[in-house]
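The values are calculated or read from the model by the stated rules, or taken from the named source; none is laboratory data. Note that the structure is predicted; figures quoted are calculated from it, not measured. Heads up, the Cβs are rebuilt from the backbone with ideal geometry, glycines too, and the neighbour counts pull from every protein chain shown.
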Amino acid sequence: MNKENLTTSILVAAFAAVFAESACADDAKGEKCRINGPDGKSLIKAHMADCAAVNSSCAGSNPEGDPNAYLYLPEGVCNKIKGGEVVK
């Protein structure tokens, strides 16, 4: 890897880390939203949840159907989704 590619990779990684942190910040205008089907299983696909959930320590580590998985959405969007529940 040449010096320019390495520098670009480092900058992209740093930007992604800052963006991921701000997406999960409690002071941002948004809410945590669980989306569960009628059977109680999450409709959020495996490895697609945001932030840490009860059974996982990092974003994207949720298994398929994890009822504790959630997405971070703008305020008011969760209540518009069938099966959506705001997590406090």
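Suppose the filter is acidic (Asp, Glu), outside any loop (DSSP other than H, G, I, E, B) and at pLDDT 90 or above; does residue 85 pass it? Yes: the conditions hold for residue 85. Only one entry of 61, 57 meets the criterion of being under 14 Å from the mean Cα position of the chain (by Cα), surrounded by fewer than 11 Cβ atoms within 10 Å (Cβ to Cβ), at pLDDT below 90 and not basic (Lys, Arg), and that entry is 57. Residue 77 meets each of the listed conditions (1) modelled with pLDDT of 70 or more; (2) buried (at least 16 other Cβ atoms within 10 Å of the Cβ) apart from (2).
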